[in-house]
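Have a look at the structure below, then the notes.
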Amino acid sequence: MDDTESSPLPFPTSLCHRCAAPPKYVRTKTSTFILCPLLPGKYPPQPVLRCPLFKPRGTHE
């Protein structure tokens, strides 16, 4: 499931929501996980406050 518009974002302070990598939100009945396409661990502990791979959305190189 990847519908962030219909429900509030989990862990609102997490950098993942603002990352250009686009995260994927995986929801179960009791939990929400944020899948990172760049990190080897894939599901970083939330909230992510610092990340060496973070790049703000809209940044072009």
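Quick notes
- L53 accessible area, 1.4 Å probe, all protein chains in place, Å² to nearest 10: 80
- HN-Hα J in Hz across segment 25-34 - Karplus 6.51, -1.76, 1.60, θ = phi - 60°, x for Gly and Pro: 9, 10, 10, 10, 4, 10, 9, 10, 10, 10
The values are calculated or read from the model by the stated rules, or taken from the named source; none is laboratory data. The structure displayed is predicted, hence computed values, not measured ones. Side chains are part of the model used for accessible areas, which takes the heavy atoms of the whole protein and leaves out ligands, DNA and RNA. Shrake-Rupley method; radii C 1.70, N 1.55, O 1.52, S 1.80 Å.
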